[in-house]
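Structure first, commentary second.
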Amino acid sequence: GDNWREARKLNVSTQHVLVPMHFNVELSKAMVFMDIRMPKFKIFGKLPLISLRISDKKLQGILELIESIPKPTPATETYAPAKPFQ
């Protein structure tokens, strides 16, 4: 019943589960790549702590959504009777 379309336009609302965050990623390429022991590319990143804002009502809704996803039925396997060892 909440207006989620309007909440998407806002940075922070009561409907947001994740608090907005920023992270840094640095990609560098090696100048000398003839040595196979040295990496050709390096990726460095910094991610702050992840904060969740979730109530028991939201958690229950998420769990109901996960449970509503149809799951594949397991394949029935038929085994041949074991032959006695001679």
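The values are calculated or read from the model by the stated rules, or taken from the named source; none is laboratory data. Being a predicted model, the structure only gives us computed values, none of them experimental. Virtual Cβ from ideal backbone geometry, glycine too; neighbours counted across all protein chains shown. For the accessible areas, the whole protein counts, side chains as well, though only heavy atoms, and no ligand, DNA or RNA atoms are used. Shrake-Rupley method; radii C 1.70, N 1.55, O 1.52, S 1.80 Å.
Tell me the per residue accessible area of the chain using a 1.4 Å probe; a whole number in Å² is fine.
Per-residue accessible area for the chain comes out at 107 Å².
Got a sec to turn the phi values of segment 53-66 into Karplus ³J(HN,Hα) couplings, 6.51 cos²θ - 1.76 cosθ + 1.60 with θ = phi - 60°, whole Hz, x for Gly and Pro?
Along segment 53-66, the couplings run 10, 9, 9, 5, 5, 5, 4, 5, x, 5, 5, 5, 5, 5 Hz.
Using the Cα centre of the chain as the reference point, and only Cβ charges (+1 on K/R, -1 on D/E), how large is the resulting charge dipole? Debye, rounded to the nearest 20.
For this selection, approximately 380 debye.
Counting Lys +1, Arg +1, Asp -1, Glu -1, what net charge surrounds VAL25 among other residues with beta carbon under 15 Å of its beta carbon?
Once positives and negatives cancel, what remains is +2.
Starting from segment 1-59, pick out the chymotrypsin sites (Phe, Trp or Tyr not before Pro) whose DSSP state is loop and whose Cβ has at most 15 other Cβ atoms within 10 Å.
PHE23, PHE33
Quick one: in segment 4-68, what % of C-alpha pairs are over 14 Å apart?
Counting every Cα pair in segment 4-68, those more than 14 Å apart make up 73 percent.
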